[in-house]
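Novice: Take a look at this one; I'll ask things after.
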Amino acid sequence: MPDGRQVCVLGAGMHPWGKWGRNFVEYGLAASRDALAEAGLAWTDVQFVAGADTIRNGYPGFVAGATFAQALGWTGARVSSSYAACASGAQAIGSARAQILAGLVDVALVVGADTTPKGFFAPVGGDRRDDPDWLRFHLVGATNPTYFGLYARRRMELFGATEDDFAAVKVKNARHGLANPNARYRKEVTVAEVLASPMVADPLRLLEICATSDGGAALVLCSNEFARRHAGTAQRVTIDAVSTVTPRFPQTTLEMPDLSTDSAAAVASVGPTFRHAVALAAYEEAGIDPDDVDLAEVYDLSSALELDWYEDIGLCKVGEAEKLLRDGETALGGRVPVNPSGGLSCFGEAIPAQAIAQVCELVWQLRGQAGGRQVEGARVGVTANQGLFGHGSSVIVSR
Amino acid sequence: MPTTKTRVPAVEGWFTLDGAAPALLGSRCTACGTVAFPKESSFCRNPACTGTEFAETPLSRTGTVWSYTDACYQPPKPYVAADPYVPFAIAAVHLAAEQMLVLGQVVPGVGVDELAVGTGVELVLDTLYEDDDHEYVVWKWRPTGTTDPTRAQDA
């Protein structure tokens, strides 16, 4: 990895996930202060603030960078605010990274936080007949779990996945999350308990679909040069790639919030699927292969979706994810632990914070600070994430 | 149950109201032939095409199930649910000629146990919800009793 393409992570911080019901700014602030403390820097040292937006908390949420900057105290720092659905946090990281790599700033703070309503995510209010997200609820009653159910059933029919496999993903992640003080759910579950929970979107049950949570996450990033000055010879953790690529036409996988795919009749569909392409772009940018990866944090919006990600990020071939799971390779102690943090399964989703939280986990893992969920000897980690409207992200972190 | 309510589409211009053989209405780019549903009117999604003219085109009325699920819990608004709520199945259907997937509810009374990847389905119009004066209709998928054993759609 050429030195000129990396940025360093000096600090990571999180406000624990939960259903706290307070203003999202509080969570972002707490995460920021923790990240700054880890970095050994003061807020006044930060030259650029990249906020990840929340769309369910009014105007302050749409301008999250400025909102957090004001809460920390105006200092004249530059700001940006990014919205990219579930990939918002990764776009904020990308924004900060670009400023640092361009030499415009040395130190940047990346922050995302959310306060979420109860139950299914519903579209933003109003009668909006030109908004695909409104239309899918109105015309079909298609919630997010609808799409997760479609993907899960497809795995069962094509690759022989079973309900036990999906439940085993939940059991694994629940076990991982036990040792994570920032996780919302810290309770072991059995396959039988998962399979006894109510069906939500066949074949997926309540314990297999991620909840919506409050939470906040932050990172302090800096240039390599600043890190050498500031931290001396201390071990450096770097971000080596941030992929936020769009799908390619024709997009032939049905994705939220669409009621249809592109047509591949006039222009043939070639190349990798979207989720796979997001990860491939990250690997290419970092100059590594999936074989180099020691651990992964992937977006397990559902238990079954985690299996799709194994293939999309190249941990195994298409159709082989169930074997990887059954062999214990993706559990702590296995060849490549996936979601050692406990994943969305234990966190629930705090949309703008989640992609940042994935990177926080990798940072702590690579530094050997992950306590009871430590992946021994980890040197390279990858995140993967996907959201509505053609957004996705993959970040590669190494030491 | 007979009704005197006026039958109106739940969304304007997305499908024909032909009671016997309704069809979804897509657009076809006159420059590159790309089909889109719902209709595009100002841009073509093909990155290699700058077409701005689109012809309305009915989509295939039959297809095969790509995958399926159901809605065991009542979806939030703006879905208008019956009271009491009745769960329904949902299918993503592959249209062979258009090489695209279209999502839709499955007709009432057909559950996930009666569906499989490859199940043949056809498009029908059915009630989405009602108010005092109107019955709002939408497209739904109904099994035809056929199956595509090759499940020839893209894997």
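The values are calculated or read from the model by the stated rules, or taken from the named source; none is laboratory data. Remember, predicted model here, so these are calculated numbers, not experimental data. Here Cβ is always computed from backbone atoms with ideal geometry, including for glycine, and neighbour counts include all displayed protein chains. Note: accessible area is taken over every heavy atom of the protein model, side chains too, but ligands, DNA and RNA are not part of it. Shrake-Rupley method; radii C 1.70, N 1.55, O 1.52, S 1.80 Å.
Novice: Looking only at segment A:177-223, count how many residues are part of a loop (DSSP other than H, G, I, E, B), in contact with a strand residue (DSSP E or B) (Cβ under 9 Å, 6 or more places away or on another chain) and either surrounded by fewer than 18 Cβ atoms within 10 Å (Cβ to Cβ) or within 13 Å of another protein chain (Cβ to nearest Cβ) (or both).
Specialist: So the answer is 5.
Novice: Restricting to segment B:37-63, name every residue that is within 12 Å of chain A (Cβ to nearest Cβ), among the hydroxyl-bearing types (Ser, Thr, Tyr) and in a strand (DSSP E or B).
Specialist: B:Thr57
Novice: Now, a different point. Of the numbered conditions (1) at pLDDT 95 or above; (2) part of a helix (DSSP H, G or I), A:Val105 satisfies every one except a single condition; which is it?
Specialist: (2)
Novice: So, in segment B:19-36, how many residues would count as being free of Cβ contacts under 8 Å to residues at least 60 places away in the same chain, closer than 16 Å to B:Arg61 by Cα and within 11 Å of another protein chain (Cβ to nearest Cβ)?
Specialist: 2
Novice: Another question, if that's okay. Give all pairs with beta carbons closer than 8 Å in which a residue from segment B:104-120 that is under 26 Å from A:Pro132 (Cα atoms) and within 11 Å of another protein chain (Cβ to nearest Cβ) meets a residue that is surrounded by fewer than 17 Cβ atoms within 10 Å (Cβ to Cβ) and among the hydroxyl-bearing types (Ser, Thr, Tyr); count only pairs at least 6 apart in sequence or on separate chains.
Specialist: none
Novice: Could you tell me whether segment B:1-13 includes any residue that is open to solvent by less than 20 Å² (accessible area, probe 1.4 Å) and among the hydroxyl-bearing types (Ser, Thr, Tyr)?
Specialist: Among the residues of segment B:1-13, not one is open to solvent by less than 20 Å² (accessible area, probe 1.4 Å) and among the hydroxyl-bearing types (Ser, Thr, Tyr), which makes the answer no.
Novice: While we're looking at this one, here's another question. If I ask for residues that are surrounded by fewer than 17 Cβ atoms within 10 Å (Cβ to Cβ) and either farther than 23 Å from A:Asn57 by Cβ or of a type in the set (S, T, N, Q) (or both), which ones from segment A:103-156 would you list?
Specialist: A:Gly103, A:Leu104, A:Arg129, A:Asp130
Novice: Please give the number of the condition A:Ser345 fails out of (1) part of a loop (DSSP other than H, G, I, E, B); (2) of a type in the set (S, T, N, Q); (3) more than 14 Å from every other protein chain (Cβ to nearest Cβ).
Specialist: (1)
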